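Take a look at the structure set out below.
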Amino acid sequence: MTFREDGAAALEWVASYLERVRELPVLAQVEPGELRGRLPAAPPEQAEPFADVLRDLDEVLLPAVTHWQSPRFFAYFANTGSEPGILADLLVAGLNQVGILWRTSPALQEVEEVALDWLAQLLGLPAGLHGHLEDTASTATMAALAAARAARPDARIVVATEHTHSSVAKACRLLELELRLAPVDETFALRPEPLDLDGACAVVGTVGTTSTGSVDPIPALAEACARESVWLHVDAAYAGSAAVCPELRGHFAGWERADSVVVNAHKWLLTPMGCSALWTRRPDDLRRAFSLVPEYLRVSEDVPSLSEFSPALGRRFRALTLWTVLRCYGRQGLQAQIREAIRLAALFEELVRAEPGWEVVAPRHFSLVCFRRDDSDAENEALLERVNASGEAFLSHTRLEGRYALRLAVGNARTTEDDVRAAWEVLRREAGRAPAPA
């Protein structure tokens with residue numbers, strides 16, 4: 001078959017998959033090593049047709065896929081690879097740009113600059129920030145902390161809380177920094193008083209923590225960091241997208257004063273995986289931390305390349321995907337997606353509150369609900385295992401004040417009220433199957 005014929009078949013496969021994904025078991029129904037045992041141990045000697053890949057995708061790989069595109073995926077932070085984003089990723093692969101320097105792809109760099117400027121405007125961030133894309137918030141956060149360390153080489157402490165994303169602890173390990181945990185309040189947000197900044201090069205404040213979606217007091221942190229000349233990094237990887245809605249901007253007060261901000265477009269902005277936006281008002285510090293231009297990359301153009309602000313040298317044309325999504329949905333389309341996810345999360349929260357024997361265990365700010373049965377930790381953990389093993393929904397968990405808690409996060413654009421109610425019915429059904437106490 002020709003490229004066009006194979007391409008049409010691949011597009012048809014994806015379209016069909018998105019139509020039927022709701023009916024597939026959300027969590028992969030395989031044991032560790034099971035898929036690998038079904039794959040050939042050696043590569044093929046002769047070329048195989050692309051049609052064989054699609055066949056094996058259906059017959060061999062699909063049972064080992066956990067369906068992040070499922071509208072009944074409620075674990076971690078649900079996301080959406082939207083149709084415009086999927087098509088744009090095809091264009092990205094076809095163009096196969098490598099953004100080492102501005103001259104190696106002027107379109108890549110300048111579309112990235114424009115897309116990040118557009119997104120900053122949509123989120124209410126101030127004009128004039130330097131923005132670029134990383135693959136994940138983990139990389140973006142590490143880049144910000146590396147710049148903070150380089151700006152204050154005599155200070156080696158990063159201040160955060162136990163609810164700050166684990167990527168901060170990993171970045172500290174890689175950068176040989178010390179993580180100092182600040183206390184939290186009853187909402188699981190950082191307590192700004194007292195805030196010990198002695199020897200600190202950076203503070204990481206979070207808007208929308210991973211465990212609970214809590215909001216750290218960014219204005220107070222910005223004031224303290226400005227007073228002590230400490231870098232403030234705001235992790236809004238999950239919740240930052242919600243700032244597209246004016247009525248939610250109150251949660252983001254003060255983030256305009258941060259030295260760096262990260263928002264994952266691939267979490268709640270309909271963009272396929274691998275698109276994390278990092279903005280900074282101190283680009284010179286990032287450039288001093290990362291710019292290293294060997295002789296073979298020296299050019300006559302007087303324009304800094306994005307690779308000078310980032311750990312990576314080469315970069316994909318991922319901005320084309322973000323730019324496409326922003327164009328194909330617009331401000332109103334993005335707002336509608338955020339508002340519907342929050343409405344569905346509020347609905348689920350009310351279902352939990354109205355049912356005897358269940359409780360909501362953390363304030364809900366966005367589209368994440370933390371809850372549990374009024375039972376032991378072991379029973380709550382067993383309940384989650386039964387729900388996920390059913391394949392009808394997929395949820396995750398956390399621990400809050402030492403107690404096991406279940407998490408349901410709405411974020412897939414295809415999720416409907418029926419899907420949320422179905423997840424609740426699965427939870428209630430499986431809770432009723434708990435073994436009687438001895």
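The values are calculated or read from the model by the stated rules, or taken from the named source; none is laboratory data. Source: prediction; values computed, not measured. Virtual Cβ from ideal backbone geometry, glycine too; neighbours counted across all protein chains shown. The accessibility values were calculated without ligands, DNA or RNA, using every heavy atom of the protein model including side chains. Shrake-Rupley method; radii C 1.70, N 1.55, O 1.52, S 1.80 Å.
When restricted to residues that are open to solvent by 40 Å² or more (accessible area, probe 1.4 Å) and within 25 Å of PRO25 (Cα to Cα), region 373-390 contains 8. Among the residues of region 253-290, which ones are of a type in the set (A, V, I, L, M), in contact with a Pro (Cβ under 8 Å, 6 or more places away or on another chain) and open to solvent by less than 20 Å² (accessible area, probe 1.4 Å)? LEU270, the sole residue that qualifies.
Sub-6 Å Cβ pairs linking a first residue in region 253-280 that is among the aromatic types (Phe, Trp, Tyr) to a second residue that is part of a loop (DSSP other than H, G, I, E, B), at least 6 apart or interchain, are TRP268/GLY411; TRP279/LEU129, ordered by first then second residue. Residues in region 397-437 that are small (Gly, Ala, Ser), part of a helix (DSSP H, G or I) and modelled with pLDDT of 95 or more: ALA422, ALA423, ALA431. Hey, does region 77-84 have a residue that's open to solvent by 50 Å² or more (accessible area, probe 1.4 Å) and part of a loop (DSSP other than H, G, I, E, B)? No: zero hits. Of all the criteria given as (1) touching a residue at least 24 places away in the same chain (Cβ under 8 Å); (2) part of a loop (DSSP other than H, G, I, E, B), the one not satisfied by PRO219 is (2). Just one of the listed residues (GLU59, GLU12) is exposed (fewer than 11 other Cβ atoms within 10 Å of the Cβ), over 30 Å from GLU295 (Cβ atoms) and not β-branched (Val, Ile, Thr), namely GLU59.
Taking the options ALA140, ALA148, name whichever one is modelled with pLDDT of 95 or more, surrounded by 21 or more Cβ atoms within 10 Å (Cβ to Cβ) and over 24 Å from VAL325 (Cβ atoms). Lay out the reasoning, then the answer.
Numbers: ALA140 fails: over 24 Å from VAL325 (Cβ atoms).
Sole residue among the options that is modelled with pLDDT of 95 or more, surrounded by 21 or more Cβ atoms within 10 Å (Cβ to Cβ) and over 24 Å from VAL325 (Cβ atoms): ALA148.
Among the conditions (1) farther than 28 Å from ASN388 by Cα; (2) touching a strand residue (DSSP E or B) at 6+ places or on another chain (Cβ under 6 Å); (3) not in a helix (DSSP H, G or I), LEU116 misses just one, which is (3).
Annotation: of all residues in region 252-276 being in a helix (DSSP H, G or I) and of a type in the set (A, V, I, L, M, F, W, C), the one that is nearest to ALA147 (Cα to Cα) is TRP255.
Residues of region 325-341 include at least one that is buried (at least 20 other Cβ atoms within 10 Å of the Cβ) and under 30 Å from ILE100 (Cβ atoms). For region 179-197, a residue qualifies if it is surrounded by fewer than 15 Cβ atoms within 10 Å (Cβ to Cβ) and closer than 14 Å to ALA160 by Cβ, and the qualifying residues are LEU181, PRO183, ASP196. Looking at region 291-306, is at least one residue at pLDDT 95 or above, assigned to a helix (DSSP H, G or I) and open to solvent by less than 40 Å² (accessible area, probe 1.4 Å)? Among the residues of region 291-306, at least one is at pLDDT 95 or above, assigned to a helix (DSSP H, G or I) and open to solvent by less than 40 Å² (accessible area, probe 1.4 Å), which makes the answer yes. Mind listing just one residue for me: the one in region 226-251 that is in contact (Cβ under 8 Å) with a residue 60 or more places away in the chain and assigned to a loop (DSSP other than H, G, I, E, B) and, of those, farthest from PHE74 (Cα to Cα)? Ranking the qualifying residues of region 226-251, first place goes to SER229. With respect to LEU18, is the statement that it is over 19 Å from the mean Cα position of the chain (by Cα), surrounded by fewer than 17 Cβ atoms within 10 Å (Cβ to Cβ) and closer than 20 Å to LEU269 by Cβ true? The answer is yes for LEU18.
All conditions but one from (1) open to solvent by less than 30 Å² (accessible area, probe 1.4 Å); (2) modelled with pLDDT under 95; (3) aliphatic (A, V, I, L, M) apply to ALA200; the one that does not is (2).
Only residues that are under 30 Å from ALA200 (Cα atoms), open to solvent by 10 Å² or more (accessible area, probe 1.4 Å) and either of a type in the set (Val, Ile, Thr) or in contact with a Leu (Cβ under 9 Å, 6 or more places away or on another chain) (or both) were counted in region 94-130, giving 3.
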